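These notes concern the structure reproduced below.
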Amino acid sequence: MKSLQRVAFIGNYLPRRCGIATFTHDLHQAVAAARPDLETCVVAMTDSDRAYDYPSAVRFEVHEETISDYARAAAFLNNAGFDVVSLQHEYGIFGGEAGGNIIEILSRLQMPVVTTLHTVSDKPTRPQREVMRQIIDKSAKVIVMAEKAREFLLSVHKVAPRKIEVIPHGIPDFPFLETHHAKAKFDLAGKMIILTFGLLSPNKGVEIMLDAMPEIIKSNPNALYVILGATHPNLMRQQGEAYRESLTARVRDLGIEDHVVFFNQFVDQATLLDFISMCDVYTTPYLNEAQMTSGTLAYSFGLGKAVVSTPYWHAKELLSDGCGILVPFGDAKALSTEIAGLLTNDVRRDSMRKLAYAASRSMTWVQTAKRYLTALDNESSKTGPGTVRPIDAAGSVRNGHVIPDIRIGHFLSLCDSTGMVQHAVHSVPDRSHGYCTDDNARALLFSSSLASFGEAELSNAVTARFAAFLQHAWNPDTRRFRNFMSYDRRWLEQQGSEDSHGRALWALAECARTDIDPSRRKWAEALFKMALPVVEDFSSPRAWAFSLLALDAHCRVAGGDVLGNRLRKLLADRLMSLISVTETKDWIWFEDMLAYDNARIPQALIQTGLTTHTPSYVDVGIRSLRWLTALQTTSSGYFRPVGTNSFGRLRQRPEAFDQQPVEAAATISACLTAWRADDDAEWPTEALRAFEWFLGENDLQVALTDPETGSCSDGLHPDRANGNRGAESVLSYLLGLVEIRQFKRMTAIEQSRPASKLIDGHTTRTILPRTVPGSLIVPIPIRESPELVSAPGPGKGRRQALQAGSRTARPQPNR
């Protein structure tokens, strides 16, 4: 068995001020000391708008709300070849709803992950439950610090017992000392010290302890309550020092100024140990039981201190068998009685101290590191739940086809200093048709997808061209985007179609969420907000669908956006109203005809239903997509997209030709989105069937792609493939390829997880949180151009649609 050689740690890290940062630092140091031959590094989580002077151990920094950082961190760890990752999890340290952004790393890692859960709730919210499920599924081993946490994992989260290990919170290996030495350092000789330490916040119950002090002072006139710790950074950002000031006012009102001292500082470990050493009684008067781990309690217990605490989960477990005293929550009288009793009874206090010190010897960081190393070593040496095989191990598509490499030479040949050219004559860019917002919006979406998976990205200059095109396309007079531009840069209209506006919104939302350039993210957010309100007046179902996909990306970052959430519900309800009017037993669709990019409509409903927890949206999306995929499957089992000759025909089966790549790309995306909501084997099969259409599994048995250049034919005619290779087709193929590669990678994880889980009455399954709605991204090396430093993302689609709001039809050259 190969010995463990390289370990990476993910979590907050000193000098960031929080308990997780201290824990990650101490664990990392202990593991490194236990195995000097081991190569270790840290991926540090950084909170919004903050900067820290991290030590050299931190090799990568992730800003909690920057999605592209998560993906690049995964690429860094994969490329560096680490054997195993130790993840420190707390919901609040990762961005996204319920800290869901961490999945962006876990979904991409190619080595086992051992996750330490610092919080396990018995009543998680729905988003917390879903995020926890994904973390557990993607972890080879889950470590908790208390038996209560194990109990909740088994009963609430249904985790297999073999996957859970309990390793108590580590503590410094510090000698058992009398208090007078440390008191002398602080010039507090003769005082009876009561200590609380940790970041100051209202849930710590300091008010209750202050209320208890007058009674304690009556029997212990030399009692001094020391409150050590800076105000919690999050509280400081919200209200400054208002909470601390309220505590000092309370001290004055109680008349105990001479018996309370605040140390408003975040101290290093040596100073902290001196503070703990000088205290006679340590207290944690927390206000509720839902605290699974307390590092401050563990440290004080480990230094052999007499502890009086409220009965939160960790305290109940640690202070059993006479090792401490528990009092009811919010009971100042009980707190004063027990603390006063200990301060006046040296024999009882010393006995409790010795019991605590003896019981804590198995918790020292030396012992804790040994147990972590055993767990890390065991998981790094095997392939199992939570590990990911390389893409090559996932096999081919179906029917013996090998998944192609991603090549983007042809994509780059269609880009110039203005943006992306619409069409090509064979493989040569056709300047006579100029440019359009449709293509450049999708190109910007493509750039965002590259940034989000972190292998590398388009050069800043190339991405800036697509952004500049959209900026120039915005018409402030009409509050709409123009669409068509001639090659000599003249706009051919004052406003484009509703559909092109929706695509532009989608690109802007993803750029605002994932672009590597902070300035460009701000630009995209600002333009998105200006362009969003007009969507309410749109009548095109596809414009609604594109806007819903845009709003899904936007609301992940700005979940409290009132307008965004209102429009998301409004547009989804409009789609629901459409199908309620048009649906019959034989026609399960939103309109009386089929047009282009059809699968995007059910995809948008499914995705919106998943993120807003609206089962009716998901159900309608699944039902309509199942009907559509049946129409698009031939009796021979091939994918046959809705032919363009069908457009405008009322309630009739679609014609076979012409077939276009945009339909295959949309179907792949929609089916993989459906698999997240509906645990049915048909969805991966349908996605693969649609992708194989590109490779030659179609009516003509003709391959449409060039694996060397990454180009793709503009579609199938009844007798031949179209020889031209324009922007829409190329991006449609590349989107499908990226998604199928990611699907194949994730299959390795899916094989080891339960078939499905019932959550809040709904069966759900998650493959991967998508970097771009409708696109599952996987880092794959590119060997193309210095202007592009990686592989591509979302495809694009636009075709004549015979409904209100569709774009003006553009005939594609047919040669």
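The values are calculated or read from the model by the stated rules, or taken from the named source; none is laboratory data. Since the model is a prediction, treat every value here as computed from it, not as a measurement. Don't worry about glycine lacking a Cβ; one is built from the backbone with ideal geometry, like all the others, and counts go over all protein chains shown. Accessible surface areas use protein heavy atoms only, side chains included; no ligands, DNA or RNA. Shrake-Rupley method; radii C 1.70, N 1.55, O 1.52, S 1.80 Å.
Worth a mention:
- Boolean, PRO311 is touching a helix residue (DSSP H, G or I) at 6+ places or on another chain (Cβ under 9 Å) and either over 22 Å from ASP350 (Cα atoms) or not aromatic (Phe, Trp, Tyr) (or both): no
- Residue ID - modelled with the highest pLDDT, chosen from residues in region 350-383 that are part of a helix (DSSP H, G or I), closer than 26 Å to GLU39 by Cα and polar (S, T, N, Q): THR368
- Taking the criterion of being of a type in the set (A, V, I, L, M, F, W, C) and surrounded by fewer than 22 Cβ atoms within 10 Å (Cβ to Cβ), the only residue of region 314-324 that qualifies is CYS323.
- Residue satisfying all of: in region 465-505; outside any helix (DSSP H, G or I) and of a type in the set (Asp, Glu); farthest from ASP430 (Cα to Cα) among these: ASP477
- Restricting HIS232, HIS259 to residues that are out of contact with any helix residue (DSSP H, G or I) (no Cβ under 7 Å at 6 or more places or on another chain) and farther than 30 Å from LEU154 by Cα narrows the list to HIS232.
- Sole residue being touching an Asp or Glu at 6+ places or on another chain (Cβ under 7 Å), at pLDDT 90 or above and surrounded by 18 or more Cβ atoms within 10 Å (Cβ to Cβ), chosen from MET209, MET192: MET192
- In region 522-541 there is no residue matching the filter, namely being buried (at least 22 other Cβ atoms within 10 Å of the Cβ), of a type in the set (Lys, Arg) and part of a helix (DSSP H, G or I).
- Verdict on GLU591 being surrounded by fewer than 19 Cβ atoms within 10 Å (Cβ to Cβ) and either on the phi < 0 side of the Ramachandran plot or modelled with pLDDT under 95 (or both): no
- Criterion: touching a helix residue (DSSP H, G or I) at 6+ places or on another chain (Cβ under 8 Å), modelled with pLDDT under 95 and of a type outside the set (Phe, Trp, Tyr) - qualifying residue of GLY643, GLY637, GLY648, GLY696: GLY637
- Scanning region 58-89 for residues that are surrounded by 21 or more Cβ atoms within 10 Å (Cβ to Cβ), within 21 Å of MET132 (Cα to Cα) and out of contact with any strand residue (DSSP E or B) (no Cβ under 8 Å at 6 or more places or on another chain) gives THR66, ILE67, ALA71, ALA74.
- Search result, residues across region 679-702 that are part of a helix (DSSP H, G or I) and out of contact with any Ser or Thr (no Cβ under 6 Å at 6 or more places or on another chain): GLU682, TRP683, PRO684, THR685, ALA687, LEU688, ARG689, PHE691, GLU692, TRP693, LEU695
- Close contacts from region 321-343, counting a first residue that is on the phi > 0 side of the Ramachandran plot and free of Cβ contacts under 8 Å to residues at least 40 places away in the same chain and a second that is part of a helix (DSSP H, G or I) and of a type in the set (A, V, I, L, M), with Cβ to Cβ under 6 Å and a gap of 6+ residues or different chains, come to GLY322/LEU355.
- Looking only at residues in region 92-135 that are among the basic types (Lys, Arg) and closer than 21 Å to ARG150 by Cβ, the one that is surrounded by the fewest Cβ atoms within 10 Å (Cβ to Cβ) is LYS123.
- Within region 453-479, residues that are of a type in the set (Ser, Thr, Tyr) sit with their Cβ atoms under 6 Å from residues that are modelled with pLDDT under 95 and open to solvent by less than 10 Å² (accessible area, probe 1.4 Å), at 6+ positions apart or across chains, in these pairs: THR463/SER447.
- Here the condition is being open to solvent by 20 Å² or more (accessible area, probe 1.4 Å), over 23 Å from LEU177 (Cα atoms) and in contact with a strand residue (DSSP E or B) (Cβ under 6 Å, 6 or more places away or on another chain); of PHE262, PHE329, it holds for PHE262 alone.
- Take the conditions (1) in contact with a strand residue (DSSP E or B) (Cβ under 8 Å, 6 or more places away or on another chain); (2) free of Cβ contacts under 8 Å to residues at least 40 places away in the same chain; LEU247 misses just one of them, which is (2).
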